[in-house]
Structure formats: C-alpha cells, structure tokens
Number of protein chains: 2
Amino acid sequence: MSLFEKHEALLSKAIDALHQRTFYAAFAEHPAPSIYGETADADGLARFKAWLGKKFDALKQDQPSGWIGEEESPYLQEPLKITYPSFTPASLITRSQKAFQSWRKTKATDRAGLLIESLDRIKSRFFEIAYATMHTTGQGYMMAFQASGPHAADRALEAIAAGYNELRRLPSTAVWDKPMGKFNIKLDKEWRAVPKGISLVIGCSTFPTWNSVTGIYGSLMTGNTVIVKPHPGAILPIAIFVAEIQRVLAEHGFDPNTCQLAVDSFNATITRQLAEDPQVKLIDYTGNSKFGTYLEALTGKTVFTEKTGVNSVILHSTDDIDKATANLAFSINLYSGQMCTAPQNFYIPESGISTPAGNISFDDFAGKLVAQINGLVDNPKAGPFVLGAVQNKKTAERVAAAEKLPGKVWLKSRTFENPMFKTARVATPVLVELDASKKEIYSEELFGPIALLIKTKNVDQSISLARDLAIEHGAISCAAYTTDPAVREKIADEMSLAATPVSFNLTGGIYMNQNAAFSDFHATGGNPAGNASFTNPDYVNRRFTWVGHREPAKI
Amino acid sequence: MSLFEKHEALLSKAIDALHQRTFYAAFAEHPAPSIYGETADADGLARFKAWLGKKFDALKQDQPSGWIGEEESPYLQEPLKITYPSFTPASLITRSQKAFQSWRKTKATDRAGLLIESLDRIKSRFFEIAYATMHTTGQGYMMAFQASGPHAADRALEAIAAGYNELRRLPSTAVWDKPMGKFNIKLDKEWRAVPKGISLVIGCSTFPTWNSVTGIYGSLMTGNTVIVKPHPGAILPIAIFVAEIQRVLAEHGFDPNTCQLAVDSFNATITRQLAEDPQVKLIDYTGNSKFGTYLEALTGKTVFTEKTGVNSVILHSTDDIDKATANLAFSINLYSGQMCTAPQNFYIPESGISTPAGNISFDDFAGKLVAQINGLVDNPKAGPFVLGAVQNKKTAERVAAAEKLPGKVWLKSRTFENPMFKTARVATPVLVELDASKKEIYSEELFGPIALLIKTKNVDQSISLARDLAIEHGAISCAAYTTDPAVREKIADEMSLAATPVSFNLTGGIYMNQNAAFSDFHATGGNPAGNASFTNPDYVNRRFTWVGHREPAKI
C-alpha cells in the first residue's frame, strides 16, 4: 500500500472539510492519556529534556559549517544550550535547487502521501513539541500542546488538502476540437502545474510551528522545495517537524534536502541573504511589519506575510455583561496578550453599554473587566497556566512603559508566582483608559498584555475608529458585543470593508483569539496586517504556475 | 424573468467550459450574414462612420470637463476626429466610490445577469467595433472582427464565469459545532466575499477590447467598480463596450458610474494619477514593461500586468517542412507581428532540421521561410488582409532599423498596396540572421514584423536560450517543431520552468499567436512578460477578500 493509499481517506475528509467549513479536526486537541497514551506526557517531557545541552542531531543535513543555538526558556530565564547544524545560505540554496529537480517531478499523490505520513509521525511527538514550545515561547502547557501540536498539524493538513485540491482543479489533458465549417481543428492539450522553485519560510518567536507549517506544507505539496528559517529564539519545535519530514523523505528514497532547516543566531541572521537570493521564489513570513514590508517589496518573488495589526473590541450592548467581560478578560490574559489575534483597543461609548439589567457605564465596564482579569490571574489553578510567560524582555519593558500612557491606569501590571517555574518572566495585563482623541497612541500595536479602554461618542465612532485603524494599520481579529441587528450588520459590513473578521457576542469557552483550521481563515490578506490568509485558495494557488502546451491531435 | 434567469444557462455552460477546457465559444467568430444578419456588416460600417468627426455621446457620464480625442487611422493616416467626454481623476474617483457602495451590495447573480446582458447587446455591435478596431489598431478586418468582438466577448464571459464560480466556492454560512467533551461549542459562521474597491483597467493600442475586457468584467463580477483608461490611440472599440455596460446598468436602476470611461490625451495622460490614488485598489494593465513594472511596485494595490516578452520558435525536426514554414510565415505576417504572442526568435541548429525527405540546412530553412512569407505577402487576396496596417510610426521605424542589425538580411521589409486603403501605413516582415553569441540583440523585444534567425550549436542550446530568455525577459508563447518524443518532453519541461506555453508542430489553420478563451490561458503570470493570466483562478480571486464573521449559534 502506498503512502497515498494509506492516507487517502484522511485527505479526502480534509478536502471536504475545506469546502464545508463546519467543525473538523484530524488531530485531537486534548492531551488526554486515553487519546495519546498513558506515558505520552512523561515520555515527551523526557525527550525534551534529553535535548538540553546537546546537539540536535536528528536532521539529515550533512556537513554543517558549525553548530549554533541561543534559545532561552522564558520560564527558567536560562539558555537551553541546544545547538543545531548551521549552513551557509549558498549551500542551503544549492542543496535546495538540487532537490527541486526531483521533487517537482514527484506526483502530487506521492507528495500528499509523504507529507501526511510526516504529520502522522509528528503526532507521536506532540508532547515533546509542547515542552519545546513552552520553553522557547513562554506559552502555557495547554496552549503549547494545542497550538504547536494538533492545531498546527490540522493547519498543515489543511494546506496539503488545499494544495492537492488546487492541483486537481484543471484537467491535465483535454482534446480541443474546434469546428471550422468544412473541417475541424483538433488539438491535444495538456496543463502542468509548475512549482515556482525554492520556498523560504521565516518563523516567529511566539508560534514557531503553527505560523510556519502552512507555508512549509503548502509549498511542499505544490512541488517546491523549502528552507525553514526559524526565529533564533524558537527553533526546537519546528526542528522536530523538519526532522520528521526529512526522515519520511529519506526512508522513501527522496532527497531530505527537499525541506531544510536553516538556523542562524541573533547577531548573524541569514534571512536577508536567503530572501534576496534570486533562486528563492516564494517567501512565507510571520513577524514585525517593518521586515514584512521589506520582504513584500522584493521583486521577482511571491511573498506571503502575516505582520502586526491592532485588534479592536466594539462594545454596544449585551445580554450578559458578566459573561462578556469574563470572555474578554480571558482573551486579554491568554498567553499574556502575545497572540496576533489578542484584543488591544476596547471602544466603549461614553453613554455606556446597554444590558437587560440597565445601562453599564464606561467606569462600570472598566471595573468589571478589572475584576474579571484579577479573578483569573489570582486563581492559582488557572491564572499562571493561562498567562504563561513573556517570550521577550522587550515585551515586559513595553508593559511597564504602558503605565505612563496619558490616561487613567485602571489596572497595573504585576508579577505572580508560577508554581512550577519560580524564575519565570511574567507580567499580568495593564489596563489604561484613553480618550478617543489620542489616536496616535492607540493606533500603534502595543504587543503584550496591554489593553486600552477608549471612550467614544457613540457606537458609530467606535465602528469607524475600528474600521479606519484596521484599514490603516491592519487587524487580524475583532470582537463586538451588540444585541441590535442593525448595529450588528453595520459592524459586520464596515469591518468587512477593512477585511477584518468579527467574533460577535462571544461568551463561554470560545475566544476572539482562536482560529480553527478548516473553518476560520487566519488573517484575510486584505489589510496591512498581512497579504495572505490560512488557507484560502490563493495561499496555495500562488505557489505554482499553470502552463498549457498543445499540439495537433494524432489522427 | 430576471437577467440572471435569462442568462443562467449560458453562465452555467461557461463555467463547465472553464473546468473542461475543451472547445467552447459562446459568440460565433465568423462574421457570416447567416449568423449576424444580412445587413450587419454594412450597418456596422455605417455606424462606425457616423462617429467620425463627432462627439461620442453614448456614455452616461454627466458633466464632462471637456471633450477630447486624438485617434488616427493607420489605414488612412488621418485623424478620426471623434471626441470623448473627459473628467478629472478626482471626479472619476469620487463617482466610482459612490457607485461602489451600491454595486458591492448587489447580489452576485444580479451582477452576472447584468454583465452577460451587456455582452448580449454588444454582440449586435460587433461589426461597428470591428471597423473601430481596424481604424485605431490597424488590424485586418477579420482579426478586428474576431479579436475585438466574439473573442473578446468570450474572454469577458470567461472572466464572469470564473468570478461567479469563485464567489460560490465557499458556503456563505455554516454551523460550526465543536464537541468539547461534556458540551458542544456551536457557532454560526458566515463568509463574505468583499470586493477590493475601485479597479483601474489600462488599455493598450493594439488590442483595445480583448486585453481589457477580462479585467473589466472580472472586477465588475466580483463587486468592484471600474475605471477604464483606454490608450489615447485606441478608444472607440472599448468606448462602445463601456457605453453598452452603462446602458444596461442605467436601464436596471444601477449607477452607470459603476463602469466609467476615462479618456486622456497623449500629452496629458492621467494614468499615473489614477493608479496612484489610494482609493484605486486593483489595476489591470497591458503595455510596455517599464510602465508595467512601475505599476507592479505600487504599494497597497493588487496589480495584474501583461507586459512584453520575447517569443521563441525552436526548430529540431518535422514531418513536413513546407507546412511548418507556411504556418510560421503566417504567424510572422499576422497583423504585421504586432501581437504579444508573435514569434521573434527562430532557433535553428547549425546542423539543420531533420525531415523525412532528409536534412534541411539552416540556409534551406531561411530560404523556405522567405519564400513562404513572400508567397503570402504577394497574394493580393490574402496578404494585405493578414498583414493589416502598422499601428504606430515607431514600429515602422524599428522595422527599418532592423535591416542594420549585424547579420545577414534574408528578407528586407517593403511596402505593398492595400486595395482598399491606398494610404495605409504598412511594412512587411524583415528577416535577419544572427549568431547565437549576439544575445544582447535578440534578448530584446523588437515589436513589429521582425524575425531573427539564430544559428545554434544544437537543439539543447536552442532550448536553453529560449528558456533563459523567457526567464529573464519574459515570453507569452513559444512554438517548437520536433518529431522526437524525448526532445519534445525536454522542451515541454524546460519551457514549463520558464512558465511559457508551447505549441508543438503546428501546421494548417492554427497558429502560435492564437489563444482560445475557456481553454488556453493567456500568459501564465510566471515570467517577466506579466504577473497574471487570463483567466486562471487567481485572476478573479485576487479581486476580492474572504472575510468570515462568527457568533454563538442561537439555541
């Protein structure tokens, strides 16, 4: 049985899910022993610990020019001392070019089979990847497991399914038979989906696998070879993915350099050199806007970016103010606001928020939000695990500086004790009230656990501020609370024009930060927060070119 | 019956054709009285003549700031003296923005119905458009009828079908029901295809409708408003299209400014001003590479370009050298080489071309090609009509200069008499032999009836030259003659990597210059000749953004 046959049913389910957009998950998100095995967690932790201080020797990339690695655990605030093989950009490119010549000719079914097989194997390493993610990004255990493991694998499968589906969109051959009156012109036509070449996937420090696997698997599925350039601060989680991909490739007689890991260090990055190489035709990037905009402007490349944005919450009216604030408080606390989908600007009309129990004033709302945030932070069974740790020192500094913003500080950031990691770098959310006139302050992304409460004249001003900020500075998510259908439609319509998806009236266990594979697009590509979307048809279509040849039909 | 219901069967046939890619044409390409009516030709000529010296007052665009027009007939070498209403860029943008607010909310079915209805009406003006095309572009009658009429309408229908099809790709709503163990999270989701905004379509002087209608109809179908900026030298053909679109819109209660004509003059072009306006989100362009590259670099826009390239012919072996050279001679003569798909570089191995009747040497081939070109030029019933006239004086100058290229001139360009237009600007092809080492000369596009015979070491060198030129300078078409399956596959594969479609072994009534709607992509978007392709999924997908909203399901 070929790998394609082995995984065909899964692929076909994934393609259906892509079209139906109802709930679908191929990988269980709960780290339950009943699903993953009784010893899976402990084994994963042991495997993670075994890498510490060692060479990561699981890659099939020969003759490195050196061994480097500077990862640090935000929980321990000390280096992991894992080193990875390093290579010159020139040698990475040469190996990728060589691998391209055979990979591009590999059948789409074979590529799909190999790639899904790699995900199947990665499944057995979800716990190891979870601990690697915790100790590079600072994510809490549950998020680290879910986002870097099953959710990333689902997104990867989604990209495989989308790529496979697009490759099958056109017939590979057709007979074109044109009546000309007295005779027919008959041509044999064929169409080839030609991969673009070398694909560079540039990772970020907060979601090292989730944000990179769509580009990796999307490019591989469509016949491109891939060079994965992780953030120097978060290598191990994606290194495990690449190692498993290489293992499957090698075992089945393919060149493991089809997907290479390209590790660099903070002071000697190789990203520009790789990105500017004329042989690199595709670039996937997650990170700051400045570098993203530089990449987008490179000529002769197809570039997919997820950059930064400012996410808004529009408050108008709600059936249950306590559930609404609880939901928002969770969103603010989750991974200490270090998600690209985290809320930053809360627009509250000066007249307050209407509820069945009467009007909630601006100050009432602020007070309730503070109480909900504190309630979660101070719950020792939840707070430390929801907040996790702060990946980057600069984020912690930004949080401290936020208290000096020109407005009432409703809640100061503070530290707390993580029962498992006494030395963790932590910061609870800071909440500052700002007048709507202070647009220059709140139109900037303040990455981290920083929430701004902005007093507006009315909901119309709230909507237009949220819309304009998204159009000018980008946005990846938006939340809104309203019980008025006309206001709801106005928000839905205006935020659509800003290419920003809106989560309405969320309460309970679903949050504006969360995007589900096979159903939610992640980012839209329609505003400055990025030019791409996981995983719409463009996301895979633009990785190859349709070329049609023709010839008079043989009689 | 709604317009959608009226045209639904046609739309659905077009969508099928898009997927099947077998022969399909909704509009008959033959200008036969039996199809278009006994008086259609004479009526069309009369309607065309009626515009001469007059104001083109058929547009529904109020309060022009002036009336301008500088078109000249290449057949008469005198001005048509037709003037068109002119508008400031600011007023065009303001009107387009206003129209956008209602057009974007118009249902896809209604848009499709209105747009196909406009094509249905344009059908009754194909002959008028044909004469308008002849006397602006210099195309021969048959090409002017086909390319600007039925073929353009087929391409427009193709863009409508592709756009409609992409808009239906996702469900507009779904219930997302996620099992969480003890309970389910149930969300109502909806997806909106949000048009990008104002679309600017910049026309060219040689194919004023064929190259513009895909952008116009593709943008309109996906909910964008359109500003059509024709080349100042070729306005009337596309003005008739726009007038019919506006008439259908107005008759059905829509804002005619949904599709505006933006005429300018040679010395006061408004293209940059329109293109750089932040409200213009989409740009379609056909024309020279320099301006196209400037447009592609504009930030915050989605830009579709068809620029220039160098098309190659690879000669290796053939079953019938006479039929092959006859076919190529026709391709060189057709519209005096003023097609973006016309051949320029002919690569012939120094060892010659093998045929069943023995080897044909380089010189034999050159001689045969000269004879075939002359045979066609000197046939008074065919030559003048195939060659047409030369649109631009600069093309005629370029042809004259080509005789001074450093190589043997196998055929000099000359004039001939067009029996209907004594004063036509004409030039027959010039054929120059060049050594393969003179790459700096033949890697440039020499627009017009200029063919270069390049002597190569062998077919491998021919292939690598054709491939490298396409990769470096772009190519839209390629022809190859070989009877050897291995050579054929090598050409198909290598030219695929240069994103260039190859027509193999064409003889008889089909030419490398011709691309058929619903089956051939026009350009691939994969080399410097342009970043777009008529009409692949990207061509319409990139005109709108998917935005998904969600909300807890009502219980």
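The values are calculated or read from the model by the stated rules, or taken from the named source; none is laboratory data. On a predicted model such as this, the values are computed, not experimentally measured, just so you know. Methodologically, a virtual Cβ is constructed for each residue, glycine included, from the backbone with ideal geometry; neighbour enumeration extends over all protein chains shown. The area values use the complete protein model at the heavy-atom level, side chains included, leaving out ligands, DNA and RNA. Shrake-Rupley method; radii C 1.70, N 1.55, O 1.52, S 1.80 Å.
On the principal axes of its alpha carbon atoms, segment B:359-412 extends 39, 33, 12 Å, with the longest extent given first. Electrostatic bookkeeping for B:Thr423 treats Lys and Arg as +1 and Asp and Glu as -1; over the other residues with beta carbon under 11 Å from its beta carbon, the sum is 0.
Across the identical copies, the 7 Å label point of A:Gln461, projected outward along Cα→Cβ, sits 7.6 nm from its counterparts, in ascending order.
3J(HN,Hα) along segment A:242-251: 4, 4, 5, 4, 4, 5, 5, 4, 4, 4 Hz, from the Karplus curve 6.51 cos²θ - 1.76 cosθ + 1.60 with θ = phi - 60°, whole Hz, x for Gly and Pro. Hydrodynamic estimate: the Kirkwood radius of segment B:71-196 over Cα pairs, inserted into Stokes-Einstein at 25 °C and 0.890 mPa s, corresponds to D of 129 µm²/s.
When restricted to Cα atoms, segment B:83-133 yields an Rg and a Dmax of 15.1, 37 Å, respectively. Secondary structure note: in the protein assembly as shown, about 40% of the DSSP beta bridges are antiparallel. Under 5 Å between amide hydrogens, built in the peptide plane, is the criterion, and for A:Cys259 it picks out A:Val226 among residues at least 5 positions away or on other chains.
Kirkwood hydrodynamic radius computed over segment B:139-198 comes to 15.6 Å, based on all pairs of distinct alpha carbons.
First compute the accessible area of segment A:287-393 with a 1.4 Å probe, then give the percent of it belonging to carbon and sulfur atoms.
Values: 1920 of 3620 Å².
Carbon and sulfur together cover 53 percent of it.
Dipole of segment A:1-113 (Lys/Arg Cβ +1, Asp/Glu Cβ -1, origin at the Cα centre): which of A:Trp51, A:Pro85, A:His30 lies farthest to the positive side? So the residue we want is A:Pro85. Across the copies of the chain, B:Pro179 has label points (7 Å from Cα along Cα→Cβ) spaced 5.6 nm apart, shortest distance listed first. Measuring spread by the Cα atoms of segment A:312-378 yields a radius of gyration and Dmax of 11.8, 34 Å.
Please give the charge dipole size of segment A:330-438, origin at the Cα centre, charges +1 on K and R Cβ atoms and -1 on D and E Cβ atoms. Round to the nearest 20 debye. Kindly include the intermediate steps, with their values, before the conclusion.
On the way: 12 positive and 9 negative charges, 109 e Å.
My answer is approximately 520 debye.
Equivalent ellipsoid of segment A:334-452: semi-axes from √(5λ) of the C-alpha gyration tensor, largest first, are 26, 18, 11 Å.
Which entries in A:Lys301/B:Lys457; B:Lys394/B:Lys455; B:Lys55/B:Lys393 show an alpha-carbon gap greater than 30 Å? Before the final figure, lay out each step's value.
Values: A:Lys301/B:Lys457 33 Å; B:Lys394/B:Lys455 28 Å; B:Lys55/B:Lys393 26 Å.
The pairs that break the limit, which is 30 Å between Cα atoms, are A:Lys301/B:Lys457.
Hey, can you find the accessible area per residue of segment B:30-173 for me, probe 1.4 Å, expressed in square angstrom?
Values: 5590 Å² over 144 residues.
Each residue of segment B:30-173 exposes 39 Å² on average to a 1.4 Å probe.
Accessible area per residue was computed with a 1.4 Å probe on protein heavy atoms; A:Phe127 scores about 10 Å².
In Å², rounded to the nearest 100, what is the total accessible surface buried by chains A and B against each other with a 1.4 Å probe?
Details: alone 22480 and 22460 Å², together 39190 Å².
For A against B, buried area totals roughly 5700 Å².
Put a plus charge on the Cβ of each Lys and Arg, a minus charge on the Cβ of each Asp and Glu, and nothing anywhere else: the dipole of the protein assembly as shown about its Cα centre is then about 360 debye. Compactness ratio for chain B: Cα radius of gyration over 2.2 N^0.38 Å (N = residue count) comes to 1.01.
For the pair B:Asp16 and A:Ser65, a Förster radius of 45 Å applied to the C-beta separation gives a FRET efficiency near 0.20, rounded to the nearest 0.05.
Scanning residues 5 or more positions from B:Trp546 or on other chains, those with amide H under 5 Å from its amide H are B:Val194, with H placed 1.01 Å from N in the peptide plane. For segment A:324-332, backbone phi angles converted through the Karplus equation (6.51, -1.76, 1.60; θ = phi - 60°) give residue-by-residue couplings of 5, 5, 4, 4, 5, 4, 4, 4, 5 Hz, Gly and Pro being listed as x. Expressed to the nearest 5 percent, the antiparallel share of DSSP beta bridges inside segment B:219-357 is 10 percent. Compactness of the protein assembly as shown is given as radius of gyration and Dmax, 31.3, 97 Å, from Cα positions. Using alpha carbons only, the radius of gyration of segment A:1-156 set against its Kirkwood radius gives Rg/Rh = 1.01. In segment B:479-515, what residues drop by 40 Å² or more in accessible surface going from the chain by itself to the full protein assembly, probe 1.4 Å? Buried by 40 Å² or more upon assembly, which counts only protein chains, are B:Arg488, B:Asp493, B:Ser496, B:Leu497, B:Ile510. When +1 charges are put on Lys and Arg Cβ atoms and -1 charges on Asp and Glu Cβ atoms, the dipole computed for segment A:68-171 relative to its Cα centre reaches about 740 debye. Per-residue accessible area (protein heavy atoms, 1.4 Å probe) orders B:Glu8, A:Glu244 as B:Glu8, A:Glu244, starting from the largest.
Over chain B, calculate the relative contact order: mean separation of alpha carbon pairs under 8 Å at least 6 apart, over the residue count, as a percent. List each step's numbers first, then the result.
Working: 1242 pairs, mean separation 99.0, N = 555.
For chain B, the relative contact order is 18 percent.
Label-point distances for A:Gln97 to the equivalent site in the other copies, using a point 7 angstrom along Cα→C-beta, read 4.9 nm when ranked shortest first.
The relative contact order of segment A:474-555 comes to 28 percent, based on Cα pairs under 8 Å that sit 6 or more residues apart. For segment A:426-525, compute Rh as the Kirkwood radius over C-alpha pairs and then the Stokes-Einstein diffusion coefficient at 4 °C and 1.567 mPa s; write the answer in µm²/s, rounded to an integer. Reported coefficient: 88 µm²/s. Using +1 at the C-beta of Lys and Arg and -1 at the C-beta of Asp and Glu, which of B:Phe518, B:Cys478, B:Ala492 has the Cα lying farthest in the positive direction of the dipole of segment B:470-523? Going by the Cα projections, it comes out as B:Phe518.
The trypsin sites (Lys or Arg not before Pro) found in segment A:5-87 that occupy coil by DSSP, while having at most 13 further C-beta atoms within 10 Å, are A:Lys54, A:Lys81. Largest accessible area first, the listed residues A:Ser361, A:Ser336 line up as A:Ser361, A:Ser336 when surface is computed with a 1.4 Å probe on the assembled protein chains. Each residue of segment B:207-216 was assigned a 3J(HN,Hα) from its phi angle through the Karplus curve 6.51 cos²θ - 1.76 cosθ + 1.60 (θ = phi - 60°); the sequence is 10, x, 9, 3, 7, 9, 5, 5, x, 4 Hz, with glycine and proline shown as x.
Overall, the ratio between the Cα radius of gyration of segment A:1-59 and 2.2 N^0.38 Å, rounded to two decimals, is 1.65.
Binning every alpha carbon pair distance of segment B:250-346 at 10 Å from zero, what are the percents per bin? All Cα pairs considered, the percentages come to 12, 28, 23, 20, 12, 4, 0. Measuring nothing but alpha carbons in segment A:190-234 and taking Rh as the Kirkwood radius, the Rg to Rh ratio lands at 1.10. The listed residues B:His522, A:His19, once ranked by accessible area (1.4 Å probe) with the largest placed first, stand as A:His19, B:His522. Note on segment A:139-276: the alpha carbon radius of gyration divided by the globular reference 2.2 N^0.38 Å gives 1.41. Taking the DSSP beta bridges with both ends in chain B, the antiparallel portion is around 40 percent.
Annotation note: GluC sites (Glu not before Pro) in segment A:36-144 located in DSSP loop regions with a Cβ neighbour count of at most 14 within 10 Å are A:Glu38. Considering only A:Asn392, A:Pro449, A:Gln461, the residue lying farthest towards the positive end of the dipole of segment A:390-461 is A:Asn392, judged by Cα position with unit charges set on Cβ.
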